[in-house]
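Here is the structure we will look at, set down as structure tokens.
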Amino acid sequence: MPQPVHGGNLVWAAALAGCPPSAILDFSASISPLGPPNSALAAIGSQLVNLRHYPDPDYRELRLALGDFHQLPPEWILPGNGSAELLSLAGRELAQLAATALITPAFGDYYRALAAYNALVLEFPLDLVTLVMSDLSWIFDKIQNPKDFGLLLNNPHNPTGKLFARSAILPYLEEFALVVVDEAFMDFLPQDKEQSLIEVVQEYPNLVILRSLTKFYSLPGLRLGYAIAHPSRLRQWQLWRDPWPVNTLAAAAAIAALQDREFQMQTWVWLPPVRNQLFEGLASFSGLQPFHSAANFLLVESQQSSSQLQHKLLKHHQILIRDCLSFPELGDRYFRVAVLTDSDNQRLLKAIAKSLSES
């Protein structure tokens, strides 16, 4: 079975570990351990009777709920079958430009979405020591006329967890023809600390923001995300896709989750101390150096082979971590772990300690 490109491939992990998928403790997919919220599960149950009907192709109720959540008119929002579907639509539009600048290391699905439409990609590396985005003048030295180019980046950055200030991204909006910002992990930050561009989206017709509802609310199996952009762009995107990309249960779960303020507050209170404890635990090992993160995962630099460590953890402890082989800039000396419950994090740390001692 080939090595997975994404995290969360429990079938592959179970085959390597020699156990059922349900026995794997998964640190490879950055999904909150606190959900799904009971409110979302109840909403799913209440809609089972409606499975005999097609969803509303305009998703009016869902768009209204998202608009209320972000204080935007609903026509500025387009729900999708996970942010991956919407990324594909963005890739189709970016491919119409001269090229797309990509801040690297970058989520592998960006390359898929761009390659699907033969988009030309220009890579600009993030300084992994300072975690500072490439200087604008350097990008502009390589791009003669940025008004003909697109830019695709994420914030917080995956896989480093770096949170870029809103002010660091705004200058790009003045220069590029289209800027797509993936904010899949932004909701892990409380509103007083997040750096989302949603508050300025109505000022920039060249801005597209992608959001996911599956990571924060632990609903990856439902596949639900949304794009925020100018209504004329979203109307065009609708013409390019299937008529019912979001199923009835996913839409109901999303509406309930967005209104669940208690769950949101619980997550914001829970994450920082548990993430810090995991960071300190990993930093205590000789040969491992975690990166500070604003998201619900930690990137770790390793002096040993991360793929070998991954295999040891699977075979001897039924624990799956995310290797970084799909990030060419990182390779076999980095791995990524999600922040899970304190007990699960402690189990991971004990397993790593044993694995490192046996090296």
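Only residues that are part of a helix (DSSP H, G or I) and within 26 Å of LYS215 (Cβ to Cβ): list them for the stretch 312-349, please. I'd like the intermediate steps shown before the answer.
In the first step, residues of the stretch 312-349 are kept if they are part of a helix (DSSP H, G or I); the result is 312-317, 342-349.
If the condition is that a residue be part of a helix (DSSP H, G or I) and within 26 Å of LYS215 (Cβ to Cβ), then LEU313, LEU314, HIS317, ASP342, SER343, ASP344, ASN345, GLN346, ARG347, LEU348, LEU349 are the ones that fit.
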message = I'd like to verify a number: residues in the stretch 289-311 that are part of a strand (DSSP E or B) and either at pLDDT below 95 or closer than 22 Å to ASN9 by Cβ (or both), how many?
response = 5
message = Can you tell me which condition GLN191 does not meet? The list is (1) free of Cβ contacts under 8 Å to residues at least 12 places away in the same chain; (2) more than 27 Å from ALA257 (Cα to Cα); (3) in a loop (DSSP other than H, G, I, E, B), and all the others hold.
response = (2)
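Do we have any residue at all in the stretch 212-224 that's over 20 Å from the mean Cα position of the chain (by Cα), surrounded by fewer than 22 Cβ atoms within 10 Å (Cβ to Cβ), not polar (S, T, N, Q) and not in a strand (DSSP E or B)? Even if it seems obvious, please write down each step before you answer.
The initial filter retains those residues of the stretch 212-224 that are over 20 Å from the mean Cα position of the chain (by Cα), namely none.
No, the stretch 212-224 has no match at all.
Answer with yes or no whether GLN47 is on the phi > 0 side of the Ramachandran plot, polar (S, T, N, Q) and either assigned by TED's automatic domain parsing to the domain that holds ALA252 or more than 24 Å from the chain's Cα centre (by Cα) (or both).
On the way: on the phi > 0 side of the Ramachandran plot: no; polar (S, T, N, Q): yes; either assigned by TED's automatic domain parsing to the domain that holds ALA252 or more than 24 Å from the chain's Cα centre (by Cα) (or both): yes.
Spelling it out, it is not the case that GLN47 is on the phi > 0 side of the Ramachandran plot, polar (S, T, N, Q) and either assigned by TED's automatic domain parsing to the domain that holds ALA252 or more than 24 Å from the chain's Cα centre (by Cα) (or both).
A quick yes/no check of all residues on (1) modelled with pLDDT under 95; (2) β-branched (Val, Ile, Thr); (3) under 30 Å from ASN345 (Cβ atoms):
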{"site": "GLU203", "(1), (2), (3)": "no, no, no"}
{"site": "LEU207", "(1), (2), (3)": "no, no, no"}
{"site": "THR214", "(1), (2), (3)": "yes, yes, yes"}
{"site": "VAL246", "(1), (2), (3)": "no, yes, no"}
{"site": "ALA251", "(1), (2), (3)": "no, no, no"}
{"site": "MET265", "(1), (2), (3)": "no, no, yes"}
{"site": "LEU271", "(1), (2), (3)": "no, no, yes"}
ask   = Can you pull out the helices (runs of 4 or more DSSP H) entirely within the stretch 1-85 that have at least 2 residues that are not aliphatic (A, V, I, L, M)?
value = 38-46, 60-70
key: Close pairs (6 angstrom Cβ cut-off, 6 or more residues apart or separate chains): within 18 Å of HIS292 (Cα to Cα) in the stretch 257-280, among the acidic types (Asp, Glu) and surrounded by fewer than 18 Cβ atoms within 10 Å (Cβ to Cβ) anywhere   = VAL274/ASP342
inquiry  = Would you confirm, using the coordinates I've provided, whether TRP237 is surrounded by 15 or more Cβ atoms within 10 Å (Cβ to Cβ) and assigned by TED's automatic domain parsing to the domain that holds SER212?
reply    = yes
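State the number of residues belonging to the stretch 71-113 that are more than 17 Å from the chain's Cα centre (by Cα) and more than 16 Å from ASN155 (Cβ to Cβ).
Here the count works out to 17.
GLU93: assigned to a helix (DSSP H, G or I) and more than 24 Å from THR267 (Cβ to Cβ), yes or no? Steps first, please.
Working: assigned to a helix (DSSP H, G or I): yes; more than 24 Å from THR267 (Cβ to Cβ): yes.
Judged against the criteria, GLU93 is a match.
Within the stretch 267-278, is there a residue that is crowded, with 19+ Cβ neighbours inside 10 Å, of a type in the set (Ser, Thr, Tyr) and closer than 28 Å to ASP342 by Cβ? Full working, then the answer.
Here is the first cut: in the stretch 267-278, the ones crowded, with 19+ Cβ neighbours inside 10 Å are 267, 271, 275, 278.
Still in the running and of a type in the set (Ser, Thr, Tyr): 267.
Retained after the next criterion (residues that are closer than 28 Å to ASP342 by Cβ): 267.
So far as the stretch 267-278 goes, yes, one or more of its residues are crowded, with 19+ Cβ neighbours inside 10 Å, of a type in the set (Ser, Thr, Tyr) and closer than 28 Å to ASP342 by Cβ.
What number of residues within the stretch 190-217 satisfy the criterion of being farther than 30 Å from ALA42 by Cα and out of contact with any Leu (no Cβ under 9 Å at 6 or more places or on another chain)?
Going residue by residue through the stretch 190-217, those that are farther than 30 Å from ALA42 by Cα are 193, 195, 197, 199-208.
Subset that is out of contact with any Leu (no Cβ under 9 Å at 6 or more places or on another chain): 199, 205.
The number of residues fulfilling the criteria is 2.
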key: Hey, VAL201 in a helix (DSSP H, G or I), among the β-branched types (Val, Ile, Thr) and closer than 18 Å to HIS230 by Cα or not   = yes
request  = Keeping to the stretch 225-263, report how many residues are in a helix (DSSP H, G or I), among the aliphatic types (A, V, I, L, M) and more than 25 Å from LEU170 (Cα to Cα).
outcome  = 11
inquiry  = With the structure loaded, tell me whether TYR59 is within 24 Å of the chain's Cα centre (by Cα), of a type outside the set (D, E, K, R) and either buried (at least 17 other Cβ atoms within 10 Å of the Cβ) or over 21 Å from VAL181 (Cβ atoms) (or both) or whether it fails that test.
reply    = yes
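The values are calculated or read from the model by the stated rules, or taken from the named source; none is laboratory data. Note that this is a predicted model, so its numbers are computed, not measured. Cβ sites come from the backbone with ideal geometry, for glycine too, and all protein chains shown count toward neighbours.
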